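*Asks:* First, the structure itself, so that you have it in front of you.
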Amino acid sequence: MTDELKINYRLYALNVDKDGMAEAAEQRFSRITPFYILVYVNGEPPKDAVEITQTETHRLSRQDEQWLLDCNMVILAEEAKKHEGEITADMNRRIERLEAALKAEKYKLEG
């Protein structure tokens, strides 16, 4: 995948209020709890959101972590589907190289 196709999702927390709820409703990936709202965004951060960085992920609950994993699985599946042809071609090349290496090794051993 080229750099221009990179996806850069970031995790943000919002307050549970009217503005936070409205923002969550507009996002593709959002999780609303009684105490906070999480949104997973590719692009501009939501207004009044606080980014949750890698060093702060220990604050996430197990349910939050599972939700985030599920979001990433959806994204990965979509990207794999978009690039299915490239992936298939690459796998075929790798299999052909492996077959050639195995044949060469067999020839050496029988040789």
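*Asks:* Taking R0 as 35 Å, what FRET efficiency do you get between Asn15 and Lys81 from their Cβ-Cβ distance, rounded to the nearest 0.05?
*Replies:* 0.50
*Asks:* Let me ask something additional. Just reorder Val50, Val41, Val74 by solvent-accessible area, largest first, 1.4 Å probe, all chains present.
*Replies:* Largest accessible area first, the list is Val50, Val74, Val41.
*Asks:* Moving to a separate point now. Excluding Glu84 itself, what net charge comes from residues whose Cβ is under 12 Å from its Cβ, given Lys and Arg +1 and Asp and Glu -1?
*Replies:* With Lys, Arg at +1 and Asp, Glu at -1, the neighbours total -2.
*Asks:* On to the next question. So how much accessible area does Arg93 have, in Å² to the nearest 10, using a 1.4 Å probe?
*Replies:* Using a 1.4 Å probe on the heavy atoms, I get roughly 120 Å².
*Asks:* Pairwise over distinct Cα atoms, reciprocal of the mean inverse distance: report the Kirkwood radius of the chain in Å, one decimal place.
*Replies:* For the chain, the Kirkwood estimate is 17.2 Å.
*Asks:* For the chain, modelled as a Gaussian network with Cα springs under 10 Å, which listed residue fluctuates most, Glu99, Glu26, Glu44?
*Replies:* Glu99
*Asks:* So if R0 is 35 Å, what FRET efficiency would Glu99 and Arg62 give, r being the distance between their Cβ atoms, rounded to the nearest 0.05?
*Replies:* The computed FRET efficiency comes out at 0.20.
*Asks:* Going 7 Å from the Cα of Thr53 in the Cα-to-Cβ direction, what parts of segment 12-35 have a backbone nitrogen less than 18 Å from that spot?
*Replies:* Answer for this model: 12-14.
*Asks:* Given a 1.4 Å probe and every protein chain left where it sits, what share in percent of the accessible area of the chain is carbon and sulfur?
*Replies:* 53
*Asks:* I would also like to ask the following. Between Asn42 and Glu110, take the C-beta separation as r, use R0 = 41 Å, and let me know the FRET efficiency to the nearest 0.05.
*Replies:* Efficiency, rounded to the nearest 0.05: 0.15.
*Asks:* Related question: Could you provide, to the nearest whole Å², the per residue accessible area of the chain with probe 1.4 Å?
*Replies:* Per-residue value: 79 Å².
*Asks:* What is the magnitude of the charge dipole of the chain about its Cα centre, with +1 placed on the Cβ of each Lys and Arg, -1 on the Cβ of each Asp and Glu, and no other charges, expressed in debye to the nearest 20?
*Replies:* That gives the chain a dipole magnitude of about 420 debye.
*Asks:* Hey, if we sort Leu76, Leu14 by accessible area with the 1.4 Å probe, largest down, what's the order?
*Replies:* Largest accessible area first, the residues go Leu76, Leu14.
*Asks:* Another question about this same structure. List the residues, sorted by chain then number, that are 5 or more residues from Phe29 or on another chain and whose placed amide H is less than 5 Å from its amide H.
*Replies:* The answer is Tyr40.
*Asks:* Using only helices, what value at 222 nm comes out for the chain when you add -39,500 (n - 2.57) per DSSP H run of length 4 or more and divide by the total residues, to the nearest 500 deg cm²/dmol?
*Replies:* -17500 deg cm²/dmol
*Asks:* Taking the dipole about the Cα centre of segment 3-51, with the C-beta of Lys and Arg at +1 and of Asp and Glu at -1, give me whichever of Ile7, Met21, Gly43 is farthest to the positive side.
*Replies:* Met21
*Asks:* Among Leu60, Leu11, Leu38, which one shows the highest mean-square fluctuation when the chain is modelled as a Gaussian network with alpha-carbon springs under 10 Å?
*Replies:* Leu60
*Asks:* Quick one: which residues, 5+ away or cross-chain, put their amide H under 5 Å from the amide H of Val16? H built at 1.01 Å from N.
*Replies:* Excluding prolines and chain starts, which carry no amide H, the hits are Ile37.
*Asks:* Let me ask something additional. What is the Cα centroid distance between segment 4-60 and segment 67-108, reported in whole angstrom?
*Replies:* Here the answer is 32 Å between Cα centres.
*Asks:* Related question: State to the nearest 20 debye the size of the charge dipole of segment 53-111 about its Cα centre, where the only charges are +1 on K and R beta carbons and -1 on D and E beta carbons.
*Replies:* Taking the Cα centre of segment 53-111 as origin, the dipole is about 300 debye.
*Asks:* In the chain, if the dipole is taken from +1 on Lys/Arg beta carbons and -1 on Asp/Glu beta carbons about the Cα centre, which of His83, Asn72, Ile32 is farthest to the positive end?
*Replies:* His83
*Asks:* Can you give the accessible area of Met21, probe radius 1.4 Å, in Å² rounded to 10?
*Replies:* 80
The values are calculated or read from the model by the stated rules, or taken from the named source; none is laboratory data. Treat the numbers as computed from the prediction; the structure is a model and nothing was measured. Neighbour counts run over all protein chains shown; Cβ positions are idealised from the backbone, glycine included. These area figures cover heavy atoms from the full protein model, side chains too; ligands, DNA and RNA do not enter into them. Shrake-Rupley method; radii C 1.70, N 1.55, O 1.52, S 1.80 Å.
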